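The structure under discussion appears below in the form of structure tokens.
Any read-out appearing in this document is the output of simple, stated calculations on the displayed coordinates, not a laboratory observation. As the structure is a prediction and not an experimental result, all values here were calculated from the model. As a convention, Cβ positions derive from the backbone with ideal geometry for all residues, glycine included, and neighbour counts pool all protein chains shown.
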Number of protein chains: 2
Amino acid sequence: MQIALVLYPKFTLLDIVGPFQVLVDVPGNDVVFVASNEGLVIDHTGRSGLVASARLGDVPNPDVVVVPGGLGDTELDASVVRWLRDVHATTTWTTSVCTGAIYLAAAGILEGLDATTHWARKERLEQLGARYVAERVVERGKVITAAGVSSGIDMALRLVEHMHGIGMAELVQLGIEYDPQPPFDAGSPAKAPAEIVELARAGLADQLSDEAVREVVEHVRSAS
Amino acid sequence: MQIALVLYPKFTLLDIVGPFQVLVDVPGNDVVFVASNEGLVIDHTGRSGLVASARLGDVPNPDVVVVPGGLGDTELDASVVRWLRDVHATTTWTTSVCTGAIYLAAAGILEGLDATTHWARKERLEQLGARYVAERVVERGKVITAAGVSSGIDMALRLVEHMHGIGMAELVQLGIEYDPQPPFDAGSPAKAPAEIVELARAGLADQLSDEAVREVVEHVRSAS
């Protein structure tokens, strides 16, 4: 199974590394990072990045596609959108994490379909024709979308189950010791304190510009 | 706060990207990837890697150190061990994820101390003088160790709480939508089916060589 992990400028690192770690050690899986050009693609923080070893055009028939989110969803990488439109016709699974769903929607893949994305970007997803569902992982036929950033781990474990059976998925889960124990219960807007949700929404509305984040942070600090 | 994220050949990508994503967007945190040399450091799969932007010697006084696990713990990077021994004297927090604890132990930091690591490597940790504790995150003074691979997310959220308060930690958790919902309950040896634990132990005993993994996989497939 060829699994194409898509990179584009300002992608979010954990969005794609979660699925990578779940999928890469399963024998038979051939994982490849693809982007419009080969070489280093810088993440949304500007502090890190990953290397694409193939150009999009070099991978015309992937079995599985995973599109991460990022902070670039107001300026989509058009080459990625075109490639997604083409390859989706023959994939076994087309998937996204976080605002990667914006890419799927822009490619016409989510038209009228239930899907999820980062909670703070649901309006944008709906503007592009999808029906937002507030679930961690949404499966509709061969299209699987996952919620914000860290949800790619949950999504990829389901992919392994579909592709290789539950035994393999459990083996991977145990291998990466995925027995999560978040120290706080603030991982979704339904659970986080209302004040924190408002602050996060304010910070994220402007796509987490440094200034917006700093303002939010000052609020949080003065409230602590 | 300068936060040094350590890279060495055959590190595990998710081990360090989990803490990176939690720590990097918090204003005031200056996150830097360090290794014995600048440039790309290849991960344990050989399919990916991260770029070190500084050499260990260029970062002599980090406030926080995070050491990821990897498959190289039978051949430690001696320059990392020496550097850890030096910088630990002045850090505010010295932390590890997964078999990163083997590095801390080799540097003498865990002598007689409670600590955790990947469940399959606890004997190795104890051989090096630490007292293994089967908990997800173990805090003893300024030393924080976390269990296998994915546990770095939980550990880093606690670090943010210690450094910036609970409001900031909740804001980060909501930002990365860390509301984990593993589709199976096989994330620790205490929870996974006994057969899966045995298979994983067999595969991991030989440090996940390709052959060992293939054998385990065939067992799982034939059992499914």
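How far is A:Ala89 from the same spot in each other copy, in nm, shortest first, if each label point sits 7 Å from Cα toward Cβ?
6.6
Quick one: which residues, 5+ away or cross-chain, put their amide H under 5 Å from the amide H of B:Arg140? H built at 1.01 Å from N.
Under 5 Å from the amide H of B:Arg140 lie the amide H atoms of B:Thr145, each far enough along the sequence or on another chain.
Once the other residues with Cβ under 15 Å from the Cβ of A:Asp185 are scored (Lys, Arg +1; Asp, Glu -1), what is the net sum?
So the surrounding residues net to -3.
For B:Gly28, place a label point 7 Å out from Cα along the Cα→Cβ vector, do the same in each other copy, and report the separations in nm, one decimal, smallest first.
Label-point separations across copies, in nm and ascending: 5.0.
In what sequence do A:Ser48, B:Ser188 fall when counting other Cβ within 10 Å, fewest first?
Listing A:Ser48, B:Ser188 from fewest to most nearby Cβ atoms yields B:Ser188, A:Ser48.
Once you order the gyration tensor axes a ≥ b ≥ c over the Cα atoms, which shape class does the protein assembly as shown get: rounded for a/c under 1.5, otherwise prolate or oblate by comparing a/b with b/c?
It is oblate, given that a/c is not under 1.5 and a/b is not larger than b/c.
Take the residue pairs B:Lys122/B:Lys191; A:Lys142/B:Lys191; A:Lys10/B:Lys142; A:Lys122/B:Lys10 and return only those whose Cα atoms are more than 28 Å apart. Numbers along the way, then the final one.
Details: B:Lys122/B:Lys191 17 Å; A:Lys142/B:Lys191 30 Å; A:Lys10/B:Lys142 34 Å; A:Lys122/B:Lys10 38 Å.
Over 28 Å Cα-Cα: A:Lys142/B:Lys191; A:Lys10/B:Lys142; A:Lys122/B:Lys10.
Report, in whole Å, the centroid distance computed from the Cα atoms of region B:19-69 and region A:86-132.
What the calculation gives is 32 Å, centre to centre.
Suppose you put the label 7 Å out from Cα in the Cβ direction; list, shortest first and in nm with one decimal, how far B:Ala54 is from each other copy's label.
The projected label point of B:Ala54 is separated from its counterparts by 3.7 nm.
Counting only GluC sites (Glu not before Pro) that sit in a DSSP loop (anything but H, G, I, E, B) with at most 15 other Cβ atoms within 10 Å, what is the longest stretch of chain A containing none of them?
Formally, the longest exposed-site-free interval is A:136-224.
At a Förster distance of 35 Å, what's the computed FRET efficiency of B:Arg201 paired with B:Asn61, Cβ-Cβ distance as r, to 0.05? Mind dumping the intermediate values first?
Values: r = 40 Å, r/R0 = 1.15.
With a Förster radius of 35 Å, E is 0.30.
So what's the back-of-envelope 222 nm ellipticity for chain B, counting only DSSP H runs of four-plus at -39500 (n - 2.57) apiece and dividing by all residues, rounded to 500? Write out the running numbers ahead of the final one.
Numbers: 8 runs with 84 residues, N = 224.
Here the helix-only value at 222 nm equals -11000 deg cm²/dmol.
Identify which of A:Ala192, A:Ala52, A:Ala106 has the largest mean-square fluctuation in a Gaussian network model of chain A, with springs joining Cα atoms closer than 10 Å.
Among A:Ala192, A:Ala52, A:Ala106, the largest GNM mean-square fluctuation belongs to A:Ala192.
List every residue whose amide H lies under 5 Å from the amide H of A:Arg131, counting only residues 5 or more places away in sequence or on a different chain, with H placed 1.01 Å from N in the peptide plane.
A:Gly112, A:Leu113, A:Asp114, A:Ala115
Amide H of A:Gln2 versus every other amide H placed in the peptide plane: which residues, excluding those fewer than 5 positions away on the same chain, fall under 5 Å?
A:Asp30, A:Asp63, A:Val64
With labels modelled as points extended 7 Å from the Cα through the Cβ direction, what inter-label distance (nm, one decimal) is found for A:Asp30 paired with B:Asp114?
Roughly 4.9 nm, to one decimal.
Would you compute, for the Cα atoms of region B:1-115, the largest minus smallest coordinate along each principal axis and list the three values in descending order, in whole Å?
37, 36, 24
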